[in-house]
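As structure tokens, the structure follows; a few thoughts come after it.
The values are calculated or read from the model by the stated rules, or taken from the named source; none is laboratory data. As the structure is a computational prediction, the values presented were derived from the model and not from experiment. Virtual Cβ from ideal backbone geometry, glycine too; neighbours counted across all protein chains shown. Protein only, heavy atoms only, side chains kept; ligands, DNA and RNA dropped before computing areas. Shrake-Rupley method; radii C 1.70, N 1.55, O 1.52, S 1.80 Å.
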Amino acid sequence: MTRRRLAEASLGLGMAGLAAMNRAAADAPRPERQFPAGFRWGVATSAYQIEGANRTDGRGACIWDTFCAQPGKIRDGSDGAVACDHYHRYREDVALMKAMGVTAYRFSIGWPRLFPDGTGRPNEAGFAFYDRLVDELLAHGIEPFPTLYHWDLPQALQDRGGWQARDTALAFADYAAAVAARLGDRASRFFTLNEILTFLEQGYGTGRFAPGLALPRAELNQARHHAVLAHGLAVQAMRAAAPRAVEIGPAENMTTALPAVETADNVRAAERATRDMNAPYLTVMMEGRYTDAWLAEQGADAPRFTPEELAAIASPVDFVGLNIYTPGAFVQAADTAPGYAVLPMPASYPRMASTWLTFGPETLYWAPRHVARLWGAKAIYITENGTSAADQPAPDGTVYDLDRVMFLRQYLTQLRRATAEGVPVRGYFAWSVLDNFEWADGYATRFGLCHVDYATQKRTPKLSAAFYRDLIARNALA
Ligand code: IFM
């Protein structure tokens, strides 16, 4: 049996429940459930979370290698040294994607694989791996969507100041240009940094993530500024270095304010709140200025910046990538400044397996709609969406992840509302194709459409993989 057939077979064909689903896929989709023609359906991953092989072919160390080695930092004491061994099994993983019918794959490039010291000496073996991956994807009709930074800062750069240092932004632009020069002949769309908000707040604010720092507010603001500057400088450097025109944008997990009750006043309040809440992240990237309210709030702790830097930060992008998980806040209009009130979240509000993951399907409607209204975005990709789940394999080995299927169905119903109303969402990437290393939670928390047995590296598609394949086949919700 070929690898591809194996992957197709393991998607559950022949099992009673899934077979029924497959028959349903042949039914004509109802127009009111349909996504736009040409909509891209993808899956997403990141280098440190799946590749493993972290000492292979000249890869340098990154801050997560260092962080994981410190006792007590990772819930199960694990690290990304092996992870899903994707570095060696990427062909099998591409075949799994193909069997699901995905047409786009968002993966991240490991900066320490290409530049083991962060800058200077390039590592040809690292570039060669991404050449192989991109070629394999294209051979299967899957469009590569590389992300330049998904949190694996080369340790050598952290030793020289990390994101607290302006030089890191310059180093990132150089690295991004090298990637665009190498892959830009085959990849047309790139994301710069993944979730600046998360890696800054958790890595430099609370210390829960690598490099484990809890900086004072002024230093944290400066690090935030350097990260958004890195994004802007990279956009410019990549356009200059790519062998042809490429499209570039961020992949941010914008804090999304939702109207508690959908009235016109509350919707306006939610837009205003979303702009305010993202002031040092997506707002400055889209507007080229920090909001007056945010600067006033930071006072003497505001970052130091120049007008030239602000202009660079707001370098025009081709699309906005949004990672969507939870509603950031529910708000309603208020008569007093700032024009909205954030409502308290009831203790009984539903959550998924990860306690931080509150269940808010409407976020997938409001987030892209706010971005289109606030900043006139002409193209938006949902760069991540998905949920953790308890995921116990049944005696037959299948994971019947009904909660993940429910989550996806409800969120995608809201995305369909957005596209039907003309919000320019061009594609959706499910997080994630595989269970993987979930940062400080280690391997116990599973986000995959495919189950990974870490002892054997066997991949088994879950019920949610069949749900997703059926959706892609119809380009519509059932
Ligand atoms: O696994 C992470 C990913 O790396 C970034 N976005 C959220 C996911 C789930 O926590």
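Brief remarks on what is shown
- If R0 is taken as 30 Å, the Cβ-Cβ distance between ARG351 and ALA165 corresponds to a FRET efficiency of 0.20.
- Across the alpha-carbon set of the chain, the Rg to Rh ratio works out to 0.95, Rh being the Kirkwood radius.
- Net charge of neighbours whose Cβ lies under 15 Å from the Cβ of PHE191, counting Lys and Arg as +1 and Asp and Glu as -1: -2
- Here the gap between ASP301 and GLN236, fully extended at 0.36 nm per residue and compared with their Cα-Cα distance, gives a gain of 20.5 nm.
- Take every Cα pair under 8 Å whose residues are at least 6 apart in sequence, average their separation, divide by the length of segment 36-154, and the relative contact order is 36 percent.
- Residues listed by number, segment 364-387, amide nitrogen under 11 Å from ARG417 label point at 7 Å toward C-beta: 364-367
- Taking label points 7 Å from Cα along the Cα-to-Cβ direction, GLN70 and GLU287 give a separation of 3.5 nm.
- The value of relative contact order for segment 248-309, using C-alpha pairs under 8 Å at least six residues apart, is 23 percent.
- Cut-off 13 Å between beta-carbons: net charge of the residues surrounding VAL399, Lys and Arg +1, Asp and Glu -1: -1
- Solvent-accessible area, 1.4 Å probe, carbon plus sulfur percent, for the chain: 53
- Estimated from helical segments only, the mean residue ellipticity of the chain at 222 nm is -12000 deg cm²/dmol, where each DSSP H run of four or more residues counts as -39500 (n - 2.57).
- Spacing of the two label points (7 Å from each Cα toward its C-beta) at GLN392 and ASP57, in nm: 4.0
- Residues of segment 180-219 with amide N under 19 Å of the 7 Å Cα→Cβ point at ASP135: 180-188
- Alpha carbon Rg of segment 275-391, scaled by the compact-globule rule 2.2 N^0.38 Å: 1.23
- Considering only LEU415, THR460, TYR400, and ranking their Cα positions along the charge dipole of segment 398-463 that arises from unit charges at the beta-carbon of Lys, Arg, Asp and Glu, the one farthest toward the positive end is LEU415.
- Each Cα pair under 8 Å and six or more residues apart adds its separation to the average, and for the chain the resulting relative contact order is 19 percent.
- The residues of segment 120-267 expose on average 32 square angstrom of accessible surface per residue, using a 1.4 Å probe on protein heavy atoms.
- Antiparallel content of DSSP bridges confined to the chain, in %, to 5: 25
- In plain terms, the chain is cut at each of the GluC sites (Glu not before Pro) found in a DSSP loop with at most 13 other Cβ atoms within 10 Å, and the longest leftover piece is 1-261.
- Counting only DSSP beta bridges whose two residues both lie in segment 41-177, roughly 10 percent are antiparallel.
- Prolate/oblate/rounded call for segment 34-170, Cα gyration tensor, a/c under 1.5 rounded: prolate
- Accessible surface, segment 346-478, averaged per residue in Å² (probe 1.4 Å): 33
- Taking a sphere under 10 Å around the Cβ of THR119 and counting the other residues whose Cβ falls inside, with K and R at +1 and D and E at -1, yields a net charge of -1.
- For segment 178-298: rounded, prolate or oblate by the Cα gyration tensor [a/c cutoff 1.5]: oblate
- Probe 1.4 Å, protein heavy atoms only - accessible area per residue of segment 30-86 in square angstrom: 40
- Taken over segment 411-478, the convex hull of the Cα atoms encloses 107 Å³ per residue.
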